[in-house]
Amino acid sequence: MDSPLETVVSLIEARSVSAVYGGGGGAVAANAALREINFSIPPGERVALVGANGAGKTSLLLSMVGILPITSGQLRIGAIEITAGTQDKRKLKTLREQVSLVFQDPDDQLFMPSIYEDLAFGPRNMGLSEDTVHHRVDEVLHRLGIGFLKDRSPLRLSGGEKRMAAIAASLTMNPQVMLFDEPTAFLDPKAQRNLMGVLQSLPHTQLIATHDLAFAAVLCPQVILLREGAVFAQGPAAELLRNGELMDQCGLEAI
């Protein structure tokens with residue numbers, strides 16, 4: 001149960017990854033966000049990232065898109081390897097084209113006058129032609145069944161509609177990996193069911209940080225459990241999420 005996720009070829013691999021807030025390697029231990037993180041995820045896997053508040057879930061996701069720099073260790077996603085002190089802007093740009101983070105609050109991701117413009121923003125920044133951008137946006141809107149939102153302002157959407165639009169904006173980047181930070185936040189039960197159906201339909205490798213253990217149990221075959229910025233356990237969701245003693249040690253309730 002405590003062994004890494006086994007795979008012949010991993011798409012994502014973290015080796016002794018550490019990070020701190022507010023400084024480099026000399027920062028005080030109290031600022032540590034991640035401590036010697038190790039895990040691997042095969043292509044196409046959906047993995048739940050669970051832990052109590054402050055366990056390091058969001059910090060790990062931010063490190064995987066280069067927002068929170070790692071201070072030691074190596075993080076490999078596909079052919080891109082990130083090490084402590086990585087400052088290569090071209091590498092970070094490529095990373096963010098291949099790895100897309102859907103934020104907990106969709107308002108942090110939707111900022112253009114219309115949903116079409118929000119979905120077109122990323123592909124345009126990649127230098128794609130306007131015809132290609134238009135095709136990508138229409139394809140994603142159709143795929144998620146939200147074409148009716150195309151000309152609407154994000155300010156006039158429900159919580160569930162905003163969540164779908166934020167996911168759509170990530171999909172137009174055509175990423176290999178999708179990261180989700182508390183995707184069920186602000187959603188009513190019906191919107192949560194709709195979200196689950198969408199995530200189950202996506203072929204992408206997914207890492208999903210969530211407090212909703214019942215949601216994780218249905219959606220994700222595997223779980224990575226964090227405590228105080230470190231991997232405490234990882235393995236099959238059916239085993240970990242029902243282990244009362246283990247969950248209690250991490251400040252969570254077993255399902």
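Table for the structure above
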{"item": "Residue, nearest to residue 229 (Cα to Cα), within the range 18-42, restricted to residues that are surrounded by 15 or more Cβ atoms within 10 Å (Cβ to Cβ) and modelled with pLDDT under 90", "result": "32"}
{"item": "Every residue from the range 102-115 that is farther than 15 Å from residue 185 by Cα and either among the polar types (S, T, N, Q) or within 17 Å of the chain's Cα centre (by Cα) (or both)", "result": "110, 114"}
{"item": "Unmet requirement for residue 170, which otherwise passes all of (1) polar (S, T, N, Q); (2) crowded, with 20+ Cβ neighbours inside 10 Å; (3) within 19 Å of residue 42 (Cα to Cα)", "result": "(3)"}
{"item": "Single residue of the range 108-131 satisfying the filter (acidic (Asp, Glu) and exposed (fewer than 13 other Cβ atoms within 10 Å of the Cβ)) that is nearest to residue 42 (Cα to Cα)", "result": "108"}
{"item": "Criterion: surrounded by fewer than 16 Cβ atoms within 10 Å (Cβ to Cβ) and either touching a Gly at 6+ places or on another chain (Cβ under 6 Å) or not acidic (Asp, Glu) (or both) - qualifying residue of 229, 251", "result": "251"}
{"item": "Matching residues in the range 147-159 - criterion: being surrounded by 18 or more Cβ atoms within 10 Å (Cβ to Cβ) and not hydrophobic (A, V, I, L, M, F, W, C)", "result": "154"}
{"item": "Any chance residue 214 is over 17 Å from residue 109 (Cβ atoms), surrounded by fewer than 17 Cβ atoms within 10 Å (Cβ to Cβ) and small (Gly, Ala, Ser)", "result": "yes"}
{"item": "Failed item, numbered, when residue 227 is tested on (1) touching a strand residue (DSSP E or B) at 6+ places or on another chain (Cβ under 8 Å); (2) under 21 Å from residue 60 (Cβ atoms)", "result": "(1)"}
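The values are calculated or read from the model by the stated rules, or taken from the named source; none is laboratory data. All of these numbers come straight from a predicted model, not from anything done at the bench. Counting neighbours? That spans all protein chains shown, and the Cβs are built from the backbone with ideal geometry, glycine included.
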